[in-house]
1. Among the candidates A113, A167, which residue alone is under 21 Å from G185 (Cα atoms) and not assigned by TED's automatic domain parsing to the domain that holds L201?
2. Let me confirm something: among L114, L56, L104, L124, which residue is in contact (Cβ under 8 Å) with a residue 12 or more places away in the chain, out of contact with any Lys or Arg (no Cβ under 7 Å at 6 or more places or on another chain) and not β-branched (V, I, T)?
3. Exactly one condition in (1) surrounded by fewer than 17 Cβ atoms within 10 Å (Cβ to Cβ); (2) out of contact with any Ser or Thr (no Cβ under 8 Å at 6 or more places or on another chain) is false for A123; which is it?
4. Do we find that E106 is among the charged types (D, E, K, R), surrounded by fewer than 13 Cβ atoms within 10 Å (Cβ to Cβ), modelled with pLDDT under 95 and not assigned by TED's automatic domain parsing to the domain that holds P234 in this structure?
5. Go through G94, G146 for me and flag whichever is surrounded by fewer than 17 Cβ atoms within 10 Å (Cβ to Cβ) and either on the phi > 0 side of the Ramachandran plot or not assigned by TED's automatic domain parsing to the domain that holds A244 (or both).
6. Can you pull out the residues in the stretch 226-252 that are under 19 Å from W175 (Cβ atoms) and not in a loop (DSSP other than H, G, I, E, B)?
7. Give the residue that is surrounded by the fewest Cβ atoms within 10 Å (Cβ to Cβ), with candidates limited to residues of the stretch 184-217 that are out of contact with any His (no Cβ under 8 Å at 6 or more places or on another chain) and among the charged types (D, E, K, R).
Amino acid sequence: MTVDAQARLVQAIWGPEPPSAGALEAAGLSGLGSHGLARGLAAYREHAKALSVRVLAAAYPRVQAWLGDEDFAGLAWAFARRQPPQEGDLARWGGTLPAFLAELPEVEPELPALARLDWALHALSWQADEHPQADLLEQLQAQGDGMLTLSAHLHRLQLPAGAWACAEAVGAPAWQMPGAEAGQGELVVWRQGWRPCWATLPAGWGLWLERLQAGATLGEAIETALEAAPDFNPGQALHTALAAGWLLGLRP
């Protein structure tokens, strides 16, 4: 089969509507065997639909829980026909589903937010391992201040209040920090060892992490966080960040 014929076959399987046998033969796919061509293609499309549901359900369990199995299957197939897999590793397919959801008419804002959380956690599975400096706390104590390198696995997200129950039912946060408002606000996603984690952030923590990621020194980030949230506890934040592996080391 030529490259063009392969491309036409992929379009016939994943396209918006199954083409007729006449259209397939006109497109140059009669070499597949004209007898029963449309029936065989229908079987391929059913397999593609089942595959898209299975792959996306593994990546988006919270979206599936929100929609229910039947509606999620329809969503998965609609997305697959719009943006079919382009590479062999299907585990990496589906990262644009949150944007796809956000473009749908009358979609609840909780749904794209849940999808962003799902994908952030799912994508951690293939990211490279990191190795924090073992003596980072001692270096900070000796130096007093400095710019820090943060984990590339660390992502901050916003989750609407109405989405928290569904998010927690699928997989509870790694911890609930004192001062964090349960069921609303900002959260953080990261990987600890091989385990994807997420947790709510107390007031000031998100701004503190944002400033560190932007290149502020530890002292500057603490000062900014305290200005925005006077109850921000720098010691608690630093201890948690070190224990969770959010901080990798001091920059030169």
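1. A113
2. Being in contact (Cβ under 8 Å) with a residue 12 or more places away in the chain, out of contact with any Lys or Arg (no Cβ under 7 Å at 6 or more places or on another chain) and not β-branched (V, I, T) holds for just one of L114, L56, L104, L124, which is L56.
3. (1)
4. Criteria met by E106.
5. Every option except G146 fails the conditions.
6. The answer is P234, G235, Q236, A237, L238, H239, T240, A241, L242, A243, A244, L247.
7. This residue is R195.
The values are calculated or read from the model by the stated rules, or taken from the named source; none is laboratory data. What you are looking at is a predicted structure, and each value in this text was computed from that prediction instead of being measured. Here the Cβ is made from the backbone with ideal geometry for all residues, glycine too, and neighbour counts use every protein chain on show.
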